[in-house]
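Novice: Got a structure for you, questions after.
The values are calculated or read from the model by the stated rules, or taken from the named source; none is laboratory data. Since the structure is predicted, the reported quantities are computational estimates derived from the model, not experimental observations. Because the Cβ atoms are built from the backbone with ideal geometry, glycine has one as well, and the counts that use them run over all protein chains shown. These area figures cover heavy atoms from the full protein model, side chains too; ligands, DNA and RNA do not enter into them. Shrake-Rupley method; radii C 1.70, N 1.55, O 1.52, S 1.80 Å.
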Amino acid sequence: MSDEEDDIVLSELDDEELVQQMHDDLYDGLKDEVVEGTNILLGRDWAPYRVLTEALVGGMKIVGEDFRDGILFVPEVLLAANSMKSGMAILKPLLAETGAPTIGKMVIGTVKGDIHDIGQNLVTMMMEGAGFEVLNIGINNPVESYVEALNEFQPDILGMSALLTTTMPYMKVVIDAMVEQGIRDDYIILVGGAPLNEEFGKAIGADGYCRDAAVAVDMAKEFMARKHNQMAAG
Ligand code: B1M
């Protein structure tokens, strides 16, 4: 790091400069600085969701592009991911603080072979903030783990995440297994992850594809409303 960078005082930057600097700090895996920046923006009355999307997710987008282009490698990306998680840890209680009544339950997990968990952790945070009770079963989940969690937690919704083109087909393996076991229709199945799209969601038999965490919340609420209407009608 140059002397010039050493001298940067985050609290003296205006909002735009600070967000830019946080993108740089996230890129460089500077956890303490990302935490400091997150706290400064909150102190300036930024809504937690705005800090999350503009400062943290925005920074991770740049990391993703340079990872794709071979400019960054796994160790650097891991450091960036850890910095992002530290910022998310500050936002988590704030996003969950809305006091919304419980409107449904969800199990969410990343599929077998896949260890990306930032996206699904973010979905978990947002869903909890919207009043859902969420059991996050982490990464690398085979069919058995999903089914066990469904049996134990009895959710309304199953959420699955995949970030790799090689692991996304496993979502169909899970859904097919649920069909075989006669439990598919007991749950609303929502899927998400960067390489997916709506067409893929339909093709594997999911109820919905969620582009991001905000869409996941909206879709989950919509499906819960439909479920309640159906129950009231029948
Ligand atoms: Co990985 N990685 N990675 N990686 N990594 C990607 C996914 C990649 C696109 C990078 C690239 O090349 N540009 C690429 C996949 C290419 C492909 O498949 N076509 C890739 C690769 C290749 C790999 C490895 C194979 C690299 C290697 O080892 N050579 C390896 C695989 C390991 C494995 O899983 N078996 C690997 C490893 C890693 C790290 C461990 C270093 C790290 C993960 C750390 C962690 O998660 N704890 C990592 C990271 C950080 C990334 C990128 C840079 C960022 C992912 C992320 O966290 N995004 C990623 C590049 C990218 O995605 N552009 C990349 C931020 C997050 C908020 O967004 O996860 O998309 P996202 O989640 C969003 C939505 O997708 C949606 O909502 C979320 C919030 O808005 N969503 C859901 C996600 N899940 C949902 C579930 C739902 C609903 C919505 O259910 C209802």
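Novice: Being among the small types (Gly, Ala, Ser), in a helix (DSSP H, G or I) and modelled with pLDDT of 95 or more is true for just one of Gly159, Gly201. Which residue is that? Write out each step before concluding.
Specialist: Working: Gly159 fails: in a helix (DSSP H, G or I).
So the residue among Gly159, Gly201 that is among the small types (Gly, Ala, Ser), in a helix (DSSP H, G or I) and modelled with pLDDT of 95 or more is Gly201.
Novice: Tell me, please, whether a residue that is over 24 Å from Glu222 (Cα atoms) and either in contact (Cβ under 8 Å) with a residue 24 or more places away in the chain or open to solvent by less than 40 Å² (accessible area, probe 1.4 Å) (or both) can be found in region 101-111.
Specialist: Yes, there is a match, as at least one residue in region 101-111 is over 24 Å from Glu222 (Cα atoms) and either in contact (Cβ under 8 Å) with a residue 24 or more places away in the chain or open to solvent by less than 40 Å² (accessible area, probe 1.4 Å) (or both).
Novice: Considering only residues that are away from the ligand (no atom under 16 Å from the Cβ) and in contact (Cβ under 8 Å) with a residue 40 or more places away in the chain, look in region 34-46 and name the one that is nearest to Gly87 (Cα to Cα).
Specialist: As a first pass, look at region 34-46 and keep what is away from the ligand (no atom under 16 Å from the Cβ): 35-37, 39-46.
Retained after the next criterion (residues that are in contact (Cβ under 8 Å) with a residue 40 or more places away in the chain): 35, 37, 39, 42.
Values: Val35: 5, Gly37: 9, Asn39: 9, Leu42: 11 Å.
Here the answer is Val35.
Novice: Of all residues in region 162-195, count the ones that are part of a helix (DSSP H, G or I) and under 19 Å from Lys221 (Cα atoms).
Specialist: Step one: of region 162-195, the residues part of a helix (DSSP H, G or I) are 170-180, 184-186.
Next, only the ones that are under 19 Å from Lys221 (Cα atoms) stay: 185-186.
Number satisfying all stated conditions: 2.
Novice: Cβ-Cβ distance below 7 Å, separation of 6 or more or different chains: which pairs start in region 167-191 with a residue that is in contact (Cβ under 8 Å) with a residue 24 or more places away in the chain and end on one that is of a type in the set (Ser, Thr, Tyr) and within 16 Å of the ligand (Cβ to nearest atom)?
Specialist: As it stands, the answer is Val174/Tyr146; Val191/Tyr209, since those pairs meet every condition given.
Novice: While we're looking at this one, here's another question. For Pro101, indicate whether it is in a helix (DSSP H, G or I) and either closer than 29 Å to Arg50 by Cα or modelled with pLDDT under 95 (or both). Lay out the reasoning, then the answer.
Specialist: Details: in a helix (DSSP H, G or I): no; either closer than 29 Å to Arg50 by Cα or modelled with pLDDT under 95 (or both): yes.
For Pro101, the condition - in a helix (DSSP H, G or I) and either closer than 29 Å to Arg50 by Cα or modelled with pLDDT under 95 (or both) - is not met.
Novice: In region 83-98, which residues are open to solvent by less than 70 Å² (accessible area, probe 1.4 Å) and assigned to a helix (DSSP H, G or I)?
Specialist: Let us first name the residues in region 83-98 that are open to solvent by less than 70 Å² (accessible area, probe 1.4 Å), namely 83-84, 86-91, 94-96.
Residues satisfying the conditions are Ser83, Met84, Ser86, Gly87, Met88, Ala89, Ile90, Leu91, Leu94, Leu95.
Novice: Would you check which residues across region 209-234 are open to solvent by less than 30 Å² (accessible area, probe 1.4 Å), more than 8 Å from the ligand (Cβ to nearest atom) and under 26 Å from Thr165 (Cα atoms) and list them?
Specialist: Val217, the sole residue that qualifies.
Novice: Only one of Ile62, Ile8 is away from the ligand (no atom under 14 Å from the Cβ) and in contact (Cβ under 8 Å) with a residue 12 or more places away in the chain; which? Spell out the reasoning first.
Specialist: Working: Ile62 fails: away from the ligand (no atom under 14 Å from the Cβ).
The conditions single out Ile8.
Novice: For region 47-55, does any single residue satisfy the condition of being assigned by TED's automatic domain parsing to the domain that holds Met168, open to solvent by 10 Å² or more (accessible area, probe 1.4 Å) and more than 8 Å from the ligand (Cβ to nearest atom)? Full working, then the answer.
Specialist: If we filter region 47-55 for residues that are assigned by TED's automatic domain parsing to the domain that holds Met168, which is where we start, we get none.
Within region 47-55, not a single residue is assigned by TED's automatic domain parsing to the domain that holds Met168, open to solvent by 10 Å² or more (accessible area, probe 1.4 Å) and more than 8 Å from the ligand (Cβ to nearest atom).
Novice: Shifting gears a bit: Of all residues being open to solvent by 30 Å² or more (accessible area, probe 1.4 Å) and under 17 Å from Leu196 (Cβ atoms) in region 119-144, which is nearest to the ligand (Cβ to nearest atom)? Just the residue, please.
Specialist: Gly119
Novice: Phe200 fails exactly one of the following numbered conditions: (1) over 14 Å from the mean Cα position of the chain (by Cα); (2) in contact (Cβ under 8 Å) with a residue 24 or more places away in the chain; (3) within 18 Å of Leu150 (Cβ to Cβ). What is the number of that condition?
Specialist: The failed condition is (3).
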